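Trainee: Here's a structure for you.
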Amino acid sequence: MRKTQLSAATALTLAFATPAFAGGTHGGGHYSFGEPGDPAKADRTVSVTAEDDGKMAFDMDLSTIRKGETIRFVVANRGELAHEFSIGDTGSQRAHARMMARMPDMHHEDDPTTITMEPGETKEIVWSFSKPIQGNVVFACNIPGHADGGMIHKVAFRPS
Ligand SMILES: [Cu+2]
């Protein structure tokens, strides 16, 4: 009995000691498409619904973002699967999708660009689009297969 307990404790220690390698995490740092925003300074709020009934999709009313805007996104998962709402640009989302394909269980606890919602869950994320963006602002669920299935939303960026 005692031996079993020790083994379990050892396994637990190992599991907690290597989360970055076991699950994969994004490092914090610099982003080409802006920075985490202050909720008190949000210029507007955009409601987003994640859906997977028949087709994967983000239902959101947003077509243009101006440089300098801070936007509060309120994301409700109305689907039957977990979904992520990740903010980025064309290049960063491509890189994120590649990483998720290698490590589908990747965690995003330390990543200010991404929130993950279980079915029925609603979360908020605030982003300041303070930098000039190359291409589009791209919102994507990078859980493998979801963006390809339609869970991606591209928005035009106005540099001034
Ligand atoms: Cu998804």
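Trainee: Of these, 123, 67, which one is within 16 Å of the ligand (Cβ to nearest atom), among the charged types (D, E, K, R) and under 22 Å from residue 40 (Cα atoms)?
Mentor: That would be 123, the only listed residue that is within 16 Å of the ligand (Cβ to nearest atom), among the charged types (D, E, K, R) and under 22 Å from residue 40 (Cα atoms).
Trainee: Would the stretch 77-93 turn up any residue that is charged (D, E, K, R), more than 16 Å from the chain's Cα centre (by Cα), over 19 Å from residue 154 (Cα atoms) and within 16 Å of the ligand (Cβ to nearest atom)?
Mentor: Scanning the stretch 77-93 turns up at least one residue that is charged (D, E, K, R), more than 16 Å from the chain's Cα centre (by Cα), over 19 Å from residue 154 (Cα atoms) and within 16 Å of the ligand (Cβ to nearest atom).
Trainee: Oh, and also: Mind listing just one residue for me: the one in the stretch 32-59 that is assigned to a loop (DSSP other than H, G, I, E, B) and surrounded by fewer than 19 Cβ atoms within 10 Å (Cβ to Cβ) and, of those, nearest to the chain's Cα centre (by Cα)?
Mentor: 32
Trainee: Going through the stretch 72-106 one residue at a time, which ones are of a type in the set (Val, Ile, Thr), surrounded by fewer than 21 Cβ atoms within 10 Å (Cβ to Cβ) and modelled with pLDDT of 95 or more?
Mentor: Answer for the stretch 72-106, where residues must be of a type in the set (Val, Ile, Thr), surrounded by fewer than 21 Cβ atoms within 10 Å (Cβ to Cβ) and modelled with pLDDT of 95 or more: just 74.
Trainee: Look at residue 113 and say whether it is at pLDDT 90 or above, more than 16 Å from the ligand (Cβ to nearest atom) and closer than 25 Å to residue 43 by Cβ.
Mentor: Details: at pLDDT 90 or above: yes; more than 16 Å from the ligand (Cβ to nearest atom): no; closer than 25 Å to residue 43 by Cβ: yes.
So residue 113 does not fit the description; no.
Trainee: Continuing with this model, one more query. Considering each residue of the stretch 60-105, count those that are in a helix (DSSP H, G or I) and of a type in the set (Lys, Arg), and give that number.
Mentor: 3
The values are calculated or read from the model by the stated rules, or taken from the named source; none is laboratory data. Quick caveat, the model's predicted, so the values are computed rather than measured. Every residue, glycine among them, receives a Cβ derived from its backbone with ideal geometry; neighbour counts consider all protein chains shown.
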